[in-house]
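Here is the structure we will look at.
The values are calculated or read from the model by the stated rules, or taken from the named source; none is laboratory data. Bear in mind the structure is a predicted one, so any value in this text is a computation, not a measurement. So basically every Cβ, Gly included, is an ideal-geometry build from the backbone, and we count neighbours across all protein chains shown.
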Amino acid sequence: MASLAGAQAVAQGAKPVEVAVTIRADQPGAKINRNIYGQFAEHLGAGIYEGVWVGENSSIPNTRGYRNDVVAALQKLKVPVVRWPGGCFADEYHWREGIGPRDQRPVKINTLWGGVEEDNSFGTHEFLDFAELIGADAYVAGNVGSGTPQEMSEWVEYITSDTKSTLAELRRKNGRDKAWRLPYFGVGNENWGCGGNMRAEYFADQYRQFQTFIRAPQDNKPVKVAGGANVADYHWTEVMLSQAAKDMDAYSLHYYTFPGRWADKGKSTGFREDQWASTLTNALRMDELVTKHSAIMDKYDPGKRIGLYVDEWGTWYEPEPGRNPHFLWQQNTLRDAHVAALSLNIFHRHADRVQMTAIAQMVNVLQAVILTDKEKMVLTPTYHVFEMYLPFQDATFLPAEFRTPDYAHGSWSIPAVDVSAARGKDGKLHIALVNVDPNRSATLTTKIAGAKTGNVSGRVLTAAAMDAHNTFDRPNTLQPTQFKAQRKGDQIVATLPPKSVVVLTVE
Ligand code: AHR
């Protein structure tokens with residue numbers, strides 16, 4: 001097990017970085033929408049089949065086909081929202097193929113992700129029941145790329161109608177009497193690429209047309225999410241917002257982090273320090289992207305009615321040797337935990353515009369919070385960050401003022417320390433602290449303006465190795481441990497080990 005003492009020993013000899021922090025409890029900002037802690041689950045590799053769904057007859061313990069260990073872990077994480085069925089898969093998905101008796105559903109080829117058979121055994125009913133089981137809201141991504149407005153419209157009716165329409169009756173025949181709640185519906189995914197290779201100008205019209213036919217009962221109308229830009233494609237955002245702002249409730253953005261170039265993304269474990277530094281530098285680019293896309297949104301939506309949904313984000317490394325390269329299975333290390341913490345902190349800072357995000361992806365794909373191998377399951381370091389950050393869901397953002405030295409390695413240089421604070425729904429103050437320097441500890445002296453400092457408790461996620469991770473044989477190598485901060489008068493002094501994520505709670 002990773003120990004604080006062990007990690008601190010690594011830092012011996014290197015003088016700690018010193019940072020003074022002021023938390024402005026007297027200047028509360030926006031509410032941090034709990035949906036910032038959302039997840040993305042696609043029909044890709046073992047993301048759904050095996051990761052979530054094993055079927056009722058599996059020897060893996062399950063509830064109506066959903067594996068019990070994964071469900072329990074997701075319930076503990078209080079996942080607010082799950083986006084499904086893709087991703088690129090959404091633009092080739094035809095919902096009618098995923099309803100009715102499972103043994104009569106068509107078997108298709110998942111042409112996007114490895115050419116494997118897709119037996120459609122996990123469809124609309126299975127997804128919406130799963131979302132209910134884990135207590136999450138459903139975010140269904142519709143098919144613009146190869147579908148029709150009629151197909152999309154009928155899907156929404158099938159899910160939401162409480163009438164005696166033929167589609168609502170078909171749903172009942174298939175086992176679901178009451179309409180499901182459908183809080184979020186995506187119109188388009190990466191339509192600049194796998195979603196149809198469209199130009200922004202063309203997609204803006206397509207979006208306007210398709211969204212017209214999303215008709216649902218007044219009390220169950222989904223938020224309409226417009227397919228958005230790739231990384232720094234500001235032209236896409238300009239066109240979409242100028243042409244279709246009035247027809248959207250939310251607008252999506254996708255950004256993935258990798259250490260090197262797309263053609264040479266680097267490995268998920270066994271990496272060098274320059275790859276640690278480049279990955280974290282690239283993760284911080286999220287701030288620039290959100291800032292610039294938001295500035296365009298501000299032009300057309302100054303009242304911030306339209307949420308920016310970063311509904312795909314996370315790390316993307318080279319495929320794991322020995323695994324199907326199209327399944328995007330990768331290990332998840334302390335480095336991923338840092339990417340998660342830095343990204344979540346960025347989303348907190350932009351909570352006035354960023355209303356939802358979805359990490360890619362929930363189980364067994366890319367920066368997964370959970371990995372499974374047949375009957376075994378491990379919680380990844382990223383899972384632990386999401387769990388440590390639970391008090392930030394629906395908390396009120398509090399600005400943090402601090403000046404930090406940089407952590408520099410080779411040509412990479414980023415702020416050594418990051419801080420995010422909020423007033424939780426529990427009334428307590430929660431402070432997330434990240435020390436990205438893998439070699440030096442950081443002593444933070446924090447004062448809180450506008451509030452009294454009471455008892456402080458904390459937890460830390462750290463390890464001696466940059467690529468520390470949990471395996472199926474050693475699932476608890478990396479997990480949060482108790483962290484001690486000291487109170488000195490009205491200040492809190494916390495010495496963060498090198499490469500660590502800490503969350504403090506101040507009574
Ligand atoms: O998450 C994997 C893929 O990344 C998604 O299907 C797609 O939307 C994105 O390019």
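Report those strands (runs of 3 or more DSSP E) wholly inside segment 305-376 carrying at least 3 residues which are free of Cβ contacts under 8 Å to residues at least 60 places away in the same chain.
Values: elements: 307-315, 354-360, 370-373.
Fully inside segment 305-376 and qualifying: 307-315.
ASP205 - would you say it is more than 21 Å from ARG96 (Cα to Cα), free of Cβ contacts under 8 Å to residues at least 60 places away in the same chain, within 16 Å of the ligand (Cβ to nearest atom) and charged (D, E, K, R)?
no
Looking only at residues in segment 86-111 that are assigned to a loop (DSSP other than H, G, I, E, B), out of contact with any Gly (no Cβ under 8 Å at 6 or more places or on another chain) and within 16 Å of the ligand (Cβ to nearest atom), which one is farthest from MET388 (Cα to Cα)?
Top of the filtered list is THR111.
Checking ARG349 against (1) within 16 Å of the ligand (Cβ to nearest atom); (2) under 20 Å from ASN35 (Cα atoms), only one condition comes out false. Which one?
With respect to (1) within 16 Å of the ligand (Cβ to nearest atom); (2) under 20 Å from ASN35 (Cα atoms), ARG349 is out only on (1).
Could you say whether any residue in segment 314-321 is modelled with pLDDT under 95 and either more than 16 Å from the ligand (Cβ to nearest atom) or among the small types (Gly, Ala, Ser) (or both)?
yes
Can you name every residue in segment 49-80 that is touching a Pro at 6+ places or on another chain (Cβ under 8 Å) and either within 16 Å of the ligand (Cβ to nearest atom) or of a type in the set (Asp, Glu) (or both)? Show your work before the answer.
Residues of segment 49-80 that are touching a Pro at 6+ places or on another chain (Cβ under 8 Å), as a first pass: 67-69.
Result: ASP69, single match.
Can you give me the number of residues within segment 281-304 that are outside any helix (DSSP H, G or I), among the charged types (D, E, K, R) and exposed (fewer than 14 other Cβ atoms within 10 Å of the Cβ)?
0
Being in a loop (DSSP other than H, G, I, E, B), touching a Phe, Trp or Tyr at 6+ places or on another chain (Cβ under 9 Å) and within 16 Å of the ligand (Cβ to nearest atom) is true for just one of GLY114, GLY145. Which residue is that? So that I can check it myself, show each step before the final result.
Details: GLY145 fails: touching a Phe, Trp or Tyr at 6+ places or on another chain (Cβ under 9 Å).
None of the other options fit; the residue is GLY114.
Contact list please: Cβ distance under 7 Å, first residue in segment 440-458 and within 24 Å of HIS384 (Cα to Cα), second residue aliphatic (A, V, I, L, M) and in a loop (DSSP other than H, G, I, E, B), pairs at least six apart or on different chains.
Filtered contacts from segment 440-458: ARG440/ALA11; ARG440/ALA14; SER441/ALA11; ALA442/ALA416; VAL456/ALA485; GLY458/ALA485.
Restricting to segment 248-270, what's the tally of residues that are over 19 Å from GLU312 (Cβ atoms) and surrounded by 19 or more Cβ atoms within 10 Å (Cβ to Cβ)?
Narrowing segment 248-270 to residues over 19 Å from GLU312 (Cβ atoms): 260-261, 263-264, 266-267, 269-270.
Filter again for surrounded by 19 or more Cβ atoms within 10 Å (Cβ to Cβ), leaving 266.
Of the residues in segment 248-270, 1 are over 19 Å from GLU312 (Cβ atoms) and surrounded by 19 or more Cβ atoms within 10 Å (Cβ to Cβ).
Working only within segment 166-202, note down all residues that are outside any loop (DSSP other than H, G, I, E, B), within 16 Å of the ligand (Cβ to nearest atom) and more than 25 Å from the chain's Cα centre (by Cα).
Once the filter is applied, which keeps residues that are outside any loop (DSSP other than H, G, I, E, B), within 16 Å of the ligand (Cβ to nearest atom) and more than 25 Å from the chain's Cα centre (by Cα), segment 166-202 yields nothing.
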